[in-house]
Amino acid sequence: MSVYEKNIQAFIRLIESELIPAEDWTDLNQFSQNLPEDAEEISAAIHKWLEPESRRPIREALKKRKKEMKSGSIKSDNTLGVGGSKSPTPANQQSPAAKDMIINHILRHSPPSTPQTNPPNTQGST
């Protein structure tokens, strides 16, 4: 797995961990809508998204995840396959699923939005 794919995998695990504050989820959803296809570009986009000082705790958590994956304290199966499965893409080729996996994890782990309430029905029985 390339260094870029490892960064993507660590970011996905960070999303799963629910360490991202609620106020960052709107930006994260917008971020996911503009993701490039290439793993190197996705990795660069992740770093750019994490640049604001307000996201420093998330940046630090990502660094920690990558370190844990490297040391083996978090299992890194060297895949980006769905559900932890082995990726069908050979190790020396781009995984087309990286972008979709990030989008799916963001959607799956996003906090529920504020429920829409309908205004009371002023027309009704009299």
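Worth a mention:
- Contacts under 6 angstrom Cβ, first residue in the stretch 38-52 being acidic (Asp, Glu), partner in a helix (DSSP H, G or I), 6 or more apart: Glu40/Tyr4
- Matching residues in the stretch 63-96 - criterion: being under 25 Å from Pro21 (Cα atoms), modelled with pLDDT of 55 or more and not in a helix (DSSP H, G or I): Ser73
- Scanning the stretch 22-62 for residues that are exposed (fewer than 13 other Cβ atoms within 10 Å of the Cβ) and not in a helix (DSSP H, G or I) turns up Asn34, Glu37, Glu51, Pro52.
The values are calculated or read from the model by the stated rules, or taken from the named source; none is laboratory data. Because the structure is predicted, anything quoted here is derived from the model rather than measured. Glycine also receives a Cβ, built like all others from the backbone with ideal geometry; neighbour counts cover every protein chain displayed.
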